[in-house]
Amino acid sequence: MIKPDAVGNNHIGPILAKINEAGFRIVAMKYTRLTPETAGRFYEVHKERPFYGELVDYMSSGPIVAAILEKDNAVADFRTLIGATDPAKAAPGTIRALFAKSIAANAVHGSDSDENAAIEGGFFFSQLERF
Ligand code: UDP
Ligand code: MG
């Protein structure tokens with residue numbers, strides 16, 4: 001997912017270019033917006049964390065781009081491409097180092113396992129929308 005800060009700052013194009021250059025295939029993509037309810041469910045795993053309320057507000061504050069990406073070793077390779085959660089700690093050249101504003105508004109979301117990638121893809125796409 002390209003998060004509201006990156007969409008609002010016109011970083012969709014440069015981020016998609018990085019994703020393509022790193023060898024990912026885009027198999028589904030959508031420009032949309034999360035409601036507070038959907039954002040709350042998407043990040044439900046974090047609901048006991050102190051930043052949950054702000055995260056839900058932020059993620060529903062503007063449009064996002066949702067995409068399903070395909071590649072060998074996609075989960076680990078995508079997390080390498082995006083860098084650490086806190087952009088101040090993200091390696092140089094990573095998407096978060098280049099485009100993120102803060103630890104909350106950190107430009108992109110990446111799934112943390114194949115299982116969660118399947119669940120998270122289901123928030124935005126049906127089987128018929130994947131190519
Ligand atoms: N987040 C935050 N404050 C924190 C940690 C995380 O606002 O101290 C937000 C941030 O947007 C992050 C998301 O919550 O991307 C999910 O956190 P997670 O630890 O899963 O990081 P990620 O997997 O996105 O790197
Ligand atoms: Mg995570």
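The values are calculated or read from the model by the stated rules, or taken from the named source; none is laboratory data. Treat the numbers as computed from the prediction; the structure is a model and nothing was measured. Every residue, glycine among them, receives a Cβ derived from its backbone with ideal geometry; neighbour counts consider all protein chains shown. Ligands, DNA and RNA are stripped out before the accessible areas are found, and what is left, the full protein with its side chains, is counted by its heavy atoms. Shrake-Rupley method; radii C 1.70, N 1.55, O 1.52, S 1.80 Å.
Name the single residue, out of those in the range 20-52 being touching a residue at least 24 places away in the same chain (Cβ under 8 Å) and of a type in the set (Gly, Ala, Ser), that is nearest to ligand 1 (Cβ to nearest atom).
Filtering the range 20-52 for residues touching a residue at least 24 places away in the same chain (Cβ under 8 Å) gives 22-36, 38, 41-42, 51.
Going one step further and asking which of them are of a type in the set (Gly, Ala, Ser), we end up with 22-23, 28.
On the way: Ala22: 17, Gly23: 21, Ala28: 20 Å.
Among those residues, the one meeting the criterion is Ala22.
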Pairs returned, first residue in the range 101-123 that is open to solvent by 40 Å² or more (accessible area, probe 1.4 Å), second residue that is more than 13 Å from ligand 2 (Cβ to nearest atom) and part of a helix (DSSP H, G or I), beta-carbon separation under 6 angstrom, 6 or more apart or interchain, are Lys101/Asp5; Ala104/Tyr58
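I need the full set of residues from the range 63-100 which are in a loop (DSSP other than H, G, I, E, B) and of a type outside the set (A, V, I, L, M), in order please.
Looking only at the range 63-100, we keep the residues that are in a loop (DSSP other than H, G, I, E, B), and these are 63, 71-73, 83-94, 100.
Correct list: Pro63, Lys71, Asp72, Asn73, Gly83, Thr85, Asp86, Pro87, Lys89, Pro92, Gly93, Thr94.
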Residue by residue through the range 1-14, note down the ones that are touching a helix residue (DSSP H, G or I) at 6+ places or on another chain (Cβ under 6 Å) and part of a helix (DSSP H, G or I).
Ala6
Given (1) farther than 16 Å from Lys3 by Cα; (2) open to solvent by 40 Å² or more (accessible area, probe 1.4 Å); (3) not small (Gly, Ala, Ser), identify the lone condition not met by Thr35.
(1)
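Return the only residue of Gly53, Gly83, Gly121 being at pLDDT 95 or above and over 14 Å from the mean Cα position of the chain (by Cα). Working first, answer last.
Working: Gly83 fails: over 14 Å from the mean Cα position of the chain (by Cα); Gly121 fails: over 14 Å from the mean Cα position of the chain (by Cα).
Of Gly53, Gly83, Gly121, the one residue that is at pLDDT 95 or above and over 14 Å from the mean Cα position of the chain (by Cα) is Gly53.
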How many of the residues making up the range 53-81 are free of Cβ contacts under 8 Å to residues at least 12 places away in the same chain and either at negative phi or near ligand 1 (Cβ under 10 Å from one of its atoms) (or both)?
3
